[in-house]
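Trainee: Right, I'll just put the structure down here and ask away after.
All of the numbers you see were taken from the coordinates with simple rules; none came from a lab. Computed from a predicted structure; not experimentally measured. Ideal geometry is used to build each Cβ from the backbone, glycine not excepted, and the neighbour counts take in all protein chains shown.
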Amino acid sequence: MIKQLYSLIQFDESVKTMEAGADNIGLVPMQNGGVPAHRVPLDRVHKIFDECKKRGVNSVAIMLTNDPEEMLQLAEEVQANILHIAGDGYTATPEFRQRLKEVAPDTELMQAVLVDDESAIERAKAVDPFVDYILLDSGLAPDTGIGASGMTHDWDIDAKIVESVNAKVIEAGGLGPDNVADAIKKIKPYGVDSLTKTSIKYEGGHMEKDIEKVRLFCERADQAAKEIGL
Ligand SMILES: O=C(O)c1ccccc1N[C@@H]1O[C@H](COP(=O)(O)O)[C@@H](O)[C@H]1O
């Protein structure tokens, strides 16, 4: 079971998050979008992603901009393992996928799908043929993008999507140590993702990972997956 943790800002907390069991760590490289306090300067992105490589952890660059040209520039610059499109104004296309391969041949593509009602199933199917991952998430963040709501959504829809697509499905939206096991047992995803419930939030939008909660999240996810033979 892949455990994906967002949204890393500092180098030291990234290392601690990897040591606590994360398989994928996600961050917002400096761009036009997202809460200013969460955007990571590019020199630090490189330092964190180099550390990921050394430790065999996947680096994920989250795109909150809605400009595909800016995404491709960033993809070329950071060469992440995964590019996660989470902006609410742009959805990946086969052409985007092709251009991503040209500028970052080793970067896989993850498309966030907003699960608001059953229409999410068709939206997931539409991107399935040309993405590597589909991330199922809740709500729209007030600043930009799909996700970061801290809320769960209808897991029955997610279970149907897992059955209907070939891409690897990452379950997101309001997951934390308290409910990750239930989500895995119900949805049977390829991976699980957490932001709000494994973070400490401060005034002004600053956040840092709560390492004990990250550790618990990873431990409970692995235990649940083992129990159902995933
Ligand atoms: O990670 C962010 O900073 C972010 C900002 C804006 C939109 C989405 C973002 N992240 C994605 O949202 C999920 C779920 O968040 P939560 O656990 O429900 O709070 C997060 O893990 C990222 O995939």
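Trainee: Do any of LYS101/LYS213; LYS53/LYS160; LYS3/LYS125; LYS53/LYS226; LYS3/LYS160 go past 32 Å between their Cα atoms, and which?
Mentor: LYS101/LYS213; LYS53/LYS160
Trainee: Just want the ordering: ILE184, ILE2, from fewest to most Cβ atoms lying within 10 Å of their own Cβ.
Mentor: Numbers: ILE184 24, ILE2 17.
Ordered by Cβ neighbours within 10 Å, fewest first: ILE2, ILE184.
Trainee: Can I ask one more? Counting only helical runs of four or more DSSP H residues, what would the 222 nm mean residue ellipticity of the chain come to if each run contributes -39,500 (n - 2.57) and the total is spread over all its residues?
Mentor: On the way: 8 runs with 88 residues, N = 230.
Result for the chain, helices only: -11500 deg cm²/dmol.
Trainee: To continue, here is another question. Taking the Cβ of each residue in GLU203, GLU77 as the centre, tally the other Cβ atoms inside 10 Å and list the residues starting with the fewest.
Mentor: Details: GLU203 5, GLU77 16.
Fewest to most other Cβ atoms nearby, the residues stand as GLU203, GLU77.
Trainee: Mind checking Rg over Rh on the stretch 126-227, alpha carbons, Kirkwood formula for Rh?
Mentor: On the way: Rg = 14.0 Å, Rh = 14.2 Å.
In the stretch 126-227, Rg relative to Rh is 0.98.
Trainee: Starting from the Cα of LYS226, step 7 Å toward the Cβ, then list every residue of the stretch 1-44 with an amide N under 16 Å from that point.
Mentor: 1-3, 21-22
Trainee: Right, another one. Arrange LYS54, LYS213 by Cβ neighbour counts within 10 Å, fewest through most, would you? Could you put the intermediate results ahead of the total?
Mentor: Numbers: LYS54 8, LYS213 19.
Fewest to most other Cβ atoms nearby, the residues stand as LYS54, LYS213.
Trainee: Just want to confirm a number: the relative contact order over the stretch 2-227, from Cα pairs under 8 angstrom separated by 6+ residues, in percent. Present the calculation step by step, with values, prior to reporting the outcome.
Mentor: Numbers: 502 pairs, mean separation 43.0, N = 226.
For the stretch 2-227, the relative contact order is 19 percent.
Trainee: Could you tell me the center-to-center distance, by alpha carbons, between the stretch 174-189 and the stretch 29-75 in angstrom?
Mentor: Taking the Cα centre of the stretch 29-75 as reference, the centre of the stretch 174-189 is 26 Å away.
Trainee: Using only the Cα atoms, work out Rg/Rh for the stretch 80-119, with Rh taken as the Kirkwood radius, to two decimals.
Mentor: Working: Rg = 11.6 Å, Rh = 11.2 Å.
That ratio is 1.03, to two decimals.
Trainee: Another one. Across bins of 5 angstrom width beginning at 0, how are the C-alpha pair distances of the stretch 2-227 distributed, in whole percent?
Mentor: In order of increasing distance, the bins hold 1, 7, 16, 21, 22, 18, 11, 4, 0 percent.
Trainee: Given Cβ point charges of +1 (Lys, Arg) and -1 (Asp, Glu) and nothing else, what value in debye, to the nearest 20, does the dipole of the chain about its Cα centre take? Could the numbers behind the result be given before it?
Mentor: Details: 25 positive and 40 negative charges, 120 e Å.
I would put it at about 580 debye.
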